[in-house]
Amino acid sequence: MSEPIIGWEKETPAPNHQFNNYLSSLNGRLLLDGLDLPHLFLGDSTEGGLLHALPSPLEIVYLPIIRRQIARMKQIFSKVIDELDYDGQFHYAYASKANAA
């Protein structure tokens with residue numbers, strides 16, 4: 001069994017918490033959209049796990065979340081465009097340092 005996430009100030013597991021729509025902690029585990037991050041990066045052991053090869057700070061680009069946020073943004077803009085009877089066009093741009101695909 002992998003060790004639970006330990007807070008910086010305490011040696012007890014992080015409490016169950018929903019940080020936002022996609023990041024939460026449950027039973028001392030950090031979850032990204034339901035994906036168990038410690039298991040993903042550490043496997044069953046911290047010895048020789050991927051975490052030792054990853055840069056810090058860690059940046060996670062998770063395309064399903066990005067796609068959902070873009071769809072949500074389009075819905076919001078569509079609603080406001082209708083409410084305001086805006087007759088122009090709506091274009092959005094997604095800035096990224098590199099192609100995540």
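The values are calculated or read from the model by the stated rules, or taken from the named source; none is laboratory data. Keep in mind that this is a model prediction, so the values were computed, not measured. Note that we place each Cβ from the backbone using ideal geometry, even for glycine, and neighbour counts take in every protein chain shown. SASA here: full protein model, heavy atoms, side chains in, ligands and nucleic acids out. Shrake-Rupley method; radii C 1.70, N 1.55, O 1.52, S 1.80 Å.
Points worth noting:
- So Pro64, is it modelled with pLDDT of 70 or more, assigned to a loop (DSSP other than H, G, I, E, B) and either out of contact with any Lys or Arg (no Cβ under 6 Å at 6 or more places or on another chain) or not charged (D, E, K, R) (or both): no
- Annotation note: of Leu30, Leu50, Leu42, the sole residue that is of a type outside the set (Lys, Arg), open to solvent by 100 Å² or more (accessible area, probe 1.4 Å) and at pLDDT below 85 is Leu50.
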